[in-house]
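Presented below is the structure to which this report refers.
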Amino acid sequence: MENENTFRRYLPTVLWIAALTAVYFTLNTLISPYADGITLNGKIVSEHVKELGGFLLGIFGSIALIEIYIYQMFFRTPKDLVSKIVTRTLQVIVAIAMVMVIATFLETTDLFRMGDNPIGNFFRSPITGFTNLKDTLISSGIATKDSATAVAGVFVSLLLLVVFAFIHFTSVPRNSRYGLAYLLILPAFLGVLFLIIYPFLFEIKLAFSNASLGTQATKNAQYGLQYGWANLVALFTGSVAKDAKFFEVLWRTILWTVINVTFHVAGGMGLAILLHRPMKLQGVYRTLLIFPWAIPATIAAMALRNEFDSRYGLFNILLGNLNTWLTNVSHGTASIIGIGNMFAWLAAHIGPVSWKQDPFWAFVSILISNIWLGIPFMSVIILGGLQSISQEYYEAAEIDGASKWQQFRNITIPLLRPVLTPAIVLGVVWTFNKFDIIYLITQGGPQEKTDILVSSMYKAAFSFYRYGFTAMFALVIFAILFLFTIFYLRITGGLKSATE
Amino acid sequence: MASVIYNNVIKNFGNVEVIKNLNFEVKDKEFLVLVGPSGCGKTTALRMLAGLEEITAGEISIGDRVVNDVAPKDRDIAMVFQSYALYPHMSVFDNMAFGLKLRKTSKDEIKRRVNEAAEILDITHLLDRKPRQLSGGQRQRVAVGRAIVREPKVFLFDEPLSNLDAKLRVQMRAEISKLHQRLQTTFIYVTHDQTEAMTMASRIAVINKGILQQLDTPQMLYDHPNNLFVAGFIGSPSMNFFPAKLSVSGGKVMVDVDTFQVQVPDALAGPYKNMDGKKVVFGIRPENIHDPEFAPPNIHGEKVSAKVDVTELMGNETFLYLVNGKNIFIARVDPRSQKRVGDEVQVIFDMDKFHVFDVETEEAIR
Amino acid sequence: MTTLSTQKPSNPISRFFRWFFYRSRGDSPFKTILIHAALIIACVIAVYPVLRVVTISLRPNDTLLTTDLRIIPENATLDNYKEVLFGSPEKNRKSDFFLWIWNSISIVAVTSVISVILASISAYAFSRFKFPGRSAGLVFLLTTQMIPAGMLLLPLFIMIAKLKMINTPLGLLIAYAVTAVPLTIWTLKGYYDTIPVDLEEAALIDGANRFTVFTNIILPLSTPALAIAFLFSFMGGWSEYLVARVVLQKNESFTWPLGIFTYAQQFTVSWGQFAAASVLIAIPVMALFLYSSKWLISGLTLGSVKG
């Protein structure tokens, strides 16, 4: 009995290892004859693993050190007065060192400059010290050039650990009400701070500068309100990328967002309602309908770009066939007055279109693509919402004599609101900002007639290198979205549930 | 095995005082039931003992140890939740073994204890199943089993039977009582159902609005309620109350209910001798109001006339809903009674078993 | 026996019909057919463009440009796949395919692991503890969704450049890791909220501490949500093109979306190879996605996003 259990417990693991080994050897024998044609090799892989591993170790190591520091603030209290003084002094020193490192980091990334003066040098001293430590380690032969950073990092960590150990052994545990919660959210909070808030602040600063390729990005850039004003004026009066004007692009962006979200919600709702009823083959339909979501967006965009080819693309082939059919029918029915003319008219107006050259059809082509891509997500969300509505409400409504439409209007829609409101808000925000499809299919062309705000902004930054201008542009986009969200939540009653 | 002591325990949620100065002792091996209406603080009192709520002020001890700052896992207690709180992703065996595994008990020992508990509760055949494959009653047993295997000093039950149907509830009540006799451990049991409290407890603590009203054996609570709340809460159907005035004349104590008067028997009149004119609440239990035809002999009966409003025939007894003036009261009479709706009848109050409460303080006067 | 068999329709077609029209909600057969027809059309629209990619990948190089609409083309061949995977000695070209895939996998896997770990931990705090700043924090996280990723691209780019991380996987890793975290926290918090607190309290009394409660109760019970969170952040990074284009500029550091684009930018556009590479990349990801689609609905509790 006991043996059987152990055997059963480890069996899956053993099978997995066996399967993976088998796959490895099969691939190896299959690929090795062609190895000459492949650029990936063991050396690249191991370098990569080393680089990423070191990075991960560094990140998690620093988070761990910060967590220990905060933990001791919340959950340890010094035993006596002397240890209290020493502990607090040590903690303050560590905190100051931390602030100095952060300040140096901000300076390195050009958020501000401390200048070459005693204060600046003082703030830079931890990093300078760290560099000196590395140099010493290299010159004394303890570390090589490659490993110096790692060894120095370990050295500093050990120093910190000694400090923490001292604090630990001169203190007693104490209770903290909120300590644990703060310790838990700290890592994510630091990440968000570092990667969203800091760049955001940096963006604000850039918006008030004349940074561009000419100023070598931030290196020689000038800052000041007048530059911010100039950027703003340029944004609203000049061209945002090459020729297009701001309001023209804004109008197109609104059109893009409204059409997309409307079709996403309507299509998603339709599919969700069809999928929600119990019936045969439901699972098959559900799986197939998710396809556009499952395929990587880049591939989907490239494939669709192909299909909009004027001669060999799917859409024009279909339209061409339709045109041929209509022409044939109109010839066949020419004798019947009215119908023959109608088909002739249709044949004259329905046919292949130039998706790439005509701005209108180019816009339609990106709309079709994005609608196709976005419906599955919305239908899954709505389906989840539908499944959370108890069947009893419908039964009650049926007894009350409500028609199917009335049931949909008075039960489904209000009870879906807690699902729909955030889905629509996020859908609008995401669509407003979604330009990878545009970029990959039309690249904004022809003549920037399919650009939306965000793709113009991307071009301004990375094709025209107008950094300060781009930053101001980004802030304006953010403001528009922010106002929209607040306005929308206000009129729809916010993120409350249906019963509130 | 241990006693539990609540010493001046106070609990606030923000500005709301949920528990106001709770003081009592649960003796070793006792089955104590905390009973009271919803929101009275009984569950909070239990959760503080379990360590799931912080104690605002005061002390709770288990055995000789103050446990205010002891983590739940170190208090040596086990708890059965109202929702059972079975871990949905673990089999019944793993559910019961979880606590022992965390305590690094040896595998053989875990097996022995789980099997033993499963046998006691008759769930051996369910050990491989997941909780969602069990019925309500079976889940309940597993939840109890999970507590038993731990062999704790104190068992805590938080309304464990309230999710069961009526029949199963009666059955599980008996089983929990049996379990208590078998394990000989301290049980603390929270419920809002006074029948559960009366049938299972060795002692009952009645709590209302965060205050301990009375702590006594079921029989004492029933016969000698300390105040109006306890008198009304314990017993079903509950005690009849009449606003009344005492009048004393010539050594005879009368209870004046405006539309009728009843005399207090001389042997019980002592405490009321100098309370002439005092406003009181007069209480009498339905089973102490009799149909004159079937009234037991040798009681100090007082006749009261009333009109029958509703009758409820239960088979073994009959409830009469009676109206006298503004007062409506219930009598629990012999099933052979022929009283019917609309009849003007005379009933007999058994004045050996009455209660009188002060209108202001709501305390019993005796 | 004979009576039984007469009761059941022996004709396979009528049996199929009985199975197919098995009455649910008392819909008429006509309505049932209409619903199935609508769904089948929707499925064709959803699947056909994807199948076309497969078709193109199978075409021999000389018939790439054709107006043929068949799914399996004439003279189907696997030459495109061979060239994508192993290069072509005739043209003296080596294949970077495995290199791109390796770059993508290593970056995206690390990214997803980091963001799911960070999000699952802090979502737990947001779901279970009341602390000053809790609701402010949640609103703040939702607000970050309004900051377009493209908008932070410029400062991130300058930051990454200053830190000398251009052309390294680390630069991209930084850019991907945290953009997904805020929404993941919301999703996971919504899911944790549906797990009864009783379970945790029971475990606390059973002898667990906060940590073992998290690992033994919360994590196993939220597997669907964690799987979905991982899947989303993986999918998000996996096919990301725009940030990668800015950060990675050398061929050997390319992720596959950049790599695959080189097929389209070569002097002669190699659609066949592009399609073959697409199929090779898409199949495992789509299989993973479709396999986990049974969790999508339970894992995506967007409905619990309440103020």
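The values are calculated or read from the model by the stated rules, or taken from the named source; none is laboratory data. Quick caveat: nothing in here was measured; it's all calculated off a predicted structure. As a convention, Cβ positions derive from the backbone with ideal geometry for all residues, glycine included, and neighbour counts pool all protein chains shown. SASA here: full protein model, heavy atoms, side chains in, ligands and nucleic acids out. Shrake-Rupley method; radii C 1.70, N 1.55, O 1.52, S 1.80 Å.
Taking the conditions exactly as written (over 30 Å from A:L416 (Cβ atoms) and buried (at least 17 other Cβ atoms within 10 Å of the Cβ)), does A:V329 satisfy them or not? Yes, satisfied. Select from segment A:43-65 the residues that are away from every other protein chain (no Cβ under 11 Å), open to solvent by 50 Å² or more (accessible area, probe 1.4 Å) and either under 23 Å from C:Y81 (Cα atoms) or not basic (K, R) (or both) and list them in ascending order. A:S46, A:L57, A:S62 - these are the residues of segment A:43-65 that are away from every other protein chain (no Cβ under 11 Å), open to solvent by 50 Å² or more (accessible area, probe 1.4 Å) and either under 23 Å from C:Y81 (Cα atoms) or not basic (K, R) (or both).
Per-residue answers, yes or no, for (1) in contact with a Lys or Arg (Cβ under 8 Å, 6 or more places away or on another chain); (2) more than 8 Å from chain C (Cβ to nearest Cβ); (3) part of a helix (DSSP H, G or I):
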site: A:T253; (1), (2), (3): no, yes, yes
site: A:I259; (1), (2), (3): no, yes, yes
site: A:L288; (1), (2), (3): no, no, yes
site: A:P292; (1), (2), (3): no, no, yes
site: A:A303; (1), (2), (3): yes, no, yes
site: A:N321; (1), (2), (3): no, yes, yes
site: A:N328; (1), (2), (3): no, yes, yes
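Of the numbered criteria (1) out of contact with any Leu (no Cβ under 7 Å at 6 or more places or on another chain); (2) at the interface with another protein chain (Cβ under 8 Å from one of its Cβ atoms); (3) open to solvent by less than 30 Å² (accessible area, probe 1.4 Å), the one C:K162 fails is (3).
Scan segment B:127-138 residue by residue and report those that are assigned to a loop (DSSP other than H, G, I, E, B) and not charged (D, E, K, R). B:L127, B:L134, B:S135 - these are the residues of segment B:127-138 that are assigned to a loop (DSSP other than H, G, I, E, B) and not charged (D, E, K, R). Residues in segment B:154-196 that are touching a strand residue (DSSP E or B) at 6+ places or on another chain (Cβ under 7 Å) and free of Cβ contacts under 8 Å to residues at least 60 places away in the same chain: none.
Among residues that are assigned to a helix (DSSP H, G or I) and facing chain A (nearest Cβ under 8 Å), C:L34 is not included. Among all residues of segment A:23-30, there is none that is part of a helix (DSSP H, G or I) and surrounded by 15 or more Cβ atoms within 10 Å (Cβ to Cβ). The single condition among (1) open to solvent by 50 Å² or more (accessible area, probe 1.4 Å); (2) assigned to a helix (DSSP H, G or I) that A:I70 does not meet is (1).
Just one residue in the set A:T257, A:T262 is closer than 30 Å to A:I375 by Cα, in contact with a helix residue (DSSP H, G or I) (Cβ under 8 Å, 6 or more places away or on another chain) and of a type in the set (S, T, Y); that residue is A:T257. Note on segment C:246-280: residues that are within 20 Å of C:P169 (Cα to Cα) and surrounded by fewer than 19 Cβ atoms within 10 Å (Cβ to Cβ) total 6.
Each row is one residue, and each column tells you yes or no for (1) facing another protein chain (nearest Cβ under 8 Å); (2) surrounded by 18 or more Cβ atoms within 10 Å (Cβ to Cβ); (3) at negative phi.
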| position | (1), (2), (3) |
| --- | --- |
| B:L46 | no, yes, yes |
| B:A50 | yes, yes, yes |
| B:T56 | no, no, yes |
| B:D64 | no, no, yes |
| B:P72 | yes, yes, yes |
| B:A78 | yes, yes, yes |
| B:F81 | yes, yes, yes |
| B:V92 | no, yes, yes |
| B:M96 | no, yes, yes |
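Filter segment B:239-274 for residues that are assigned to a loop (DSSP other than H, G, I, E, B) and among the aliphatic types (A, V, I, L, M) and give the result. Matches in segment B:239-274: B:M239, B:V257, B:V264, B:A269. C:A202 - would you say it is surrounded by 22 or more Cβ atoms within 10 Å (Cβ to Cβ), within 14 Å of chain B (Cβ to nearest Cβ) and modelled with pLDDT of 85 or more? Spelling it out, C:A202 is indeed surrounded by 22 or more Cβ atoms within 10 Å (Cβ to Cβ), within 14 Å of chain B (Cβ to nearest Cβ) and modelled with pLDDT of 85 or more.
If you check C:Y192, C:Y176 for being away from chain B (no Cβ under 14 Å), in a helix (DSSP H, G or I), within 24 Å of B:L86 (Cβ to Cβ) and aromatic (F, W, Y), only one passes: C:Y192. Can you name the residue in segment C:124-159 that is under 23 Å from A:D110 (Cα atoms) and among the small types (G, A, S) and is also nearest to the other protein chains (Cβ to nearest Cβ) among such residues? Of everything passing the filter in segment C:124-159, C:G150 is nearest to the other protein chains (Cβ to nearest Cβ).
Based on this model, can you work out whether A:D116 counts as over 30 Å from A:R174 (Cα atoms), outside any helix (DSSP H, G or I) and touching a residue at least 24 places away in the same chain (Cβ under 8 Å)? Taking the combined requirement at face value, the residue does not satisfy it. Mind checking which residues of segment B:296-312 are polar (S, T, N, Q) and farther than 14 Å from B:Q346 by Cα? Selection gives B:N298, B:T311. B:N115 meets the stated requirement of being surrounded by fewer than 19 Cβ atoms within 10 Å (Cβ to Cβ), part of a helix (DSSP H, G or I) and either among the polar types (S, T, N, Q) or in contact with a Ser or Thr (Cβ under 6 Å, 6 or more places away or on another chain) (or both). Meeting the requirement of 1 or more residues that are open to solvent by 10 Å² or more (accessible area, probe 1.4 Å) and farther than 30 Å from B:K101 by Cα, the strands (runs of 3 or more DSSP E) wholly within segment B:139-214 are B:203-208. Of the residues making up segment B:252-270, those that are farther than 22 Å from B:N324 by Cα and open to solvent by less than 50 Å² (accessible area, probe 1.4 Å) number 3.
Here's the yes/no breakdown for (1) assigned by TED's automatic domain parsing to the domain that holds A:G445; (2) farther than 24 Å from A:G385 by Cβ; (3) touching a Leu at 6+ places or on another chain (Cβ under 7 Å):
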| position | (1), (2), (3) |
| --- | --- |
| A:T237 | yes, yes, no |
| A:I254 | yes, yes, no |
| A:G268 | yes, no, no |
| A:A272 | yes, no, yes |
| A:R277 | yes, no, no |
| A:Q282 | yes, no, yes |
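Scanning segment A:92-111 for residues that are touching a helix residue (DSSP H, G or I) at 6+ places or on another chain (Cβ under 7 Å) and part of a helix (DSSP H, G or I), which turns out farthest from A:N121 (Cα to Cα)? Filtering segment A:92-111 for residues that are touching a helix residue (DSSP H, G or I) at 6+ places or on another chain (Cβ under 7 Å) and part of a helix (DSSP H, G or I), the one farthest from A:N121 (Cα to Cα) comes out as A:V94.
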